[in-house]
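What follows draws every value from the coordinates through simple rules; no lab data is involved. Keep in mind that this is a model prediction, so the values were computed, not measured. No Cβ is skipped: glycine too gets one built from the backbone with ideal geometry, and neighbour counts run over all protein chains shown.
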Amino acid sequence: MTTPAVRIGDVTNLGNGAYAFIGGDPANAGFVVGRDGVLVIDSQLTPAHGRAMVEQIAQHASVPMRVLFLTHYHGDHVYGSQAFSDRGAVVISHRGTRALLEERGPDMIERSAQQRPELAPLFAELRLVLPTVTFEDRITFHLGGVDVNAHFAGWGHTPYDCVAHVPSARVLYAGDLLFNKGIPVVRDANISQWINLVRYLETIDVDHVIGGHGPAGTRADLGELRVFLERLLERVQAEAARGRSLDEVKAAVPMEEYRRWGRYEALLPPAIEKVYQNLTGR
Ligand SMILES: [Zn+2]
C-alpha cells in the first residue's frame with residue numbers, strides 16, 4: 001500500500017519571526033522563530049502531517065524546536081503532536097484541553113480514522129500525546145527577541161479555546177475561534193460566548209490573524225465571522241421564539257449571503273441545530 005500524501009499547506013512568512021501553514025488538510029497551523037528556539041502552534045491531522053511540518057520549519061529556522069502549543073483539543077490540531085514530542089519539544093496546552101484529550105482522545109481517534117479511511121496507514125501509527133505542561137490563564141514563551149503570549153480566551157468553539165499573540169510581529173494565532181470565510185464547526189460550541197470572545201479578540205492590536213481554517217486574515221475577518229454568528233443567533237432566536245421546531249427553524253433560517261463560504265451545505269444545518277439547542281435546551 002502506498003503512503004497517502006499529506007497536505008500541510010503553504011508556509012506564509014508574516015514577518016518578524018512569525019509564520020503560518022495556510023491551507024493544510026484540513027487545518028492551518030503556525031510557528032514562531034526566535035534567537036533561541038521555535039514555538040509551534042498546533043500539529044495538524046496526523047503524525048505524517050507533523051513530520052512534514054518539522055521539515056518545512058527546518059527550512060526557516062536553525063534553532064531547536066522547544067515548544068508545541070495546542071490551541072484546543074480537536075484532532076485536526078493535535079494528532080500530529082508525536083512528530084514534535086519525539087524531537088524533544090514540550091507539548092503545552094490549557095489544563096482543560098489536556099483533560100478533554102485524556103477523556104475523549106481514544107474514541108476521537110477511532111472516529112477520525114473512520115471518517116478518513118484513505119488516511120488509514122497514517123492513523124495506524126498515531127499515539128495520543130498528552131501535554132506535559134498545562135496552564136490556566138496565560139503563559140509567556142521567551143524565544144529570544146520574540147515573546148509569545150498564549151492565553152485562555154474562554155468557551156467559544158470548544159470549552160478551552162486558547163490563542164497565541166506575538167506582539168512584536170503583530171500576529172494573533174486564533175485557533176478555531178476564527179474560521180476565515182468558512183462556516184464554522186460548532187459541535188462543542190457556545191455560540192453566544194463565541195461572539196463575545198471574537199469581539200474581545202478584535203480589540204487586540206495586530207495586523208495578521210491566523211485562524212484554524214481558511215486563508216490568512218486580519219481583524220476585519222474576525223469581524224466578519226462575528227457578524228455571521230450574530231446573524232445566525234438572531235435569526236434562530238426569532239424563529240424559536242415563535243415556537244418553531246428544529247426542522248422548521250432549519251428550513252426557515254436563511255443565511256444565503258454565506259453560500260459562497262466553504263462547506264455551506266454540510267455545516268450550516270448543524271450550526272443552526274447547535275444554536276437552537278443552546279437557546280432552548282432541546
Ligand atoms: Zn476545532
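How tilted is helix 191-201 with respect to the longest principal axis of the chain? Cα atoms for both, answer in degrees (0 to 90, nearest 10). Taking the Cα atoms of the chain, the angle to 191-201 is about 50 degrees.
Got the relative contact order for the range 9-220 handy, in percent, Cα pairs under 8 Å and 6 or more residues apart? Could you put the intermediate results ahead of the total?
On the way: 484 pairs, mean separation 40.1, N = 212.
Answer for the range 9-220 is 19 percent.
The helix-only estimate of mean residue ellipticity at 222 nm for the chain, built from DSSP H runs of length n ≥ 4 each weighted as -39500 (n - 2.57), is -11500 deg cm²/dmol after division by the residue total. When each of the peptides 238-247, 187-196 is scored by how many other beta carbons lie within 10 Å of its residues on average, the order from highest to lowest is 187-196, 238-247. The magnitude of the dipole of the range 76-170, with charges of +1 and -1 set on the Cβ of Lys/Arg and Asp/Glu and taken from the Cα centre, is near 160 debye. Could you please state, rounded to a whole Å, how far the C-alpha centre of the range 16-47 is from the C-alpha centre of the range 234-282? Centre-to-centre (Cα) distance: 34 Å. Placing one equal scatterer on every Cα of the range 120-210 and applying the Debye formula, the log10 ratio I(q)/I(0) at q = 0.14, 0.15, 0.19 Å⁻¹ is -0.61, -0.69, -0.98. State the Cα centre-to-centre distance between the range 89-154 and the range 200-232 in whole Å. Value for the Cα centre distance between the two parts: 23 Å. As a rough guide to protection, the peptides 150-158, 226-234 ranked by mean Cβ packing within 10 Å, highest first, stand as 150-158, 226-234. Residue ranges 205-216, 125-136 sort as 205-216, 125-136 when ordered by packing (mean number of other C-beta atoms within 10 Å per residue, highest first).
Where both residues lie in the range 9-220, what percent of DSSP beta bridges are antiparallel, nearest 5? Taking every DSSP beta bridge within the range 9-220, about 65 percent pair in antiparallel fashion. Ellipsoid fit via the Cα gyration tensor, the range 42-128: semi-axes of 22, 17, 9 Å, each the root of five times an eigenvalue, largest first. Using a simple spin-label model with pseudo-atoms 7 Å out from Cα toward Cβ, Glu273 and Glu118 lie 2.5 nm apart. When the range 113-216 is described by a simple charge dipole with +1 on each Lys and Arg Cβ and -1 on each Asp and Glu Cβ, the residue from Gly212, Leu122, Trp194 located farthest towards its positive end is Leu122. Each Lys and Arg adds +1 at its Cβ and each Asp and Glu adds -1 at its Cβ; summed about the Cα centre, the chain shows a dipole of about 120 debye. Mean projected area of the convex hull spanned by the Cα atoms of the chain, taken over all viewing directions: 14.4 nm². Coordinate range of the alpha-carbon atoms in the range 145-282 per principal axis, descending: 57, 29, 20 Å.
Approximating the spin labels as points 7 Å out from Cα along Cα→Cβ, the Asp147-to-Ser168 distance works out to 1.0 nm.
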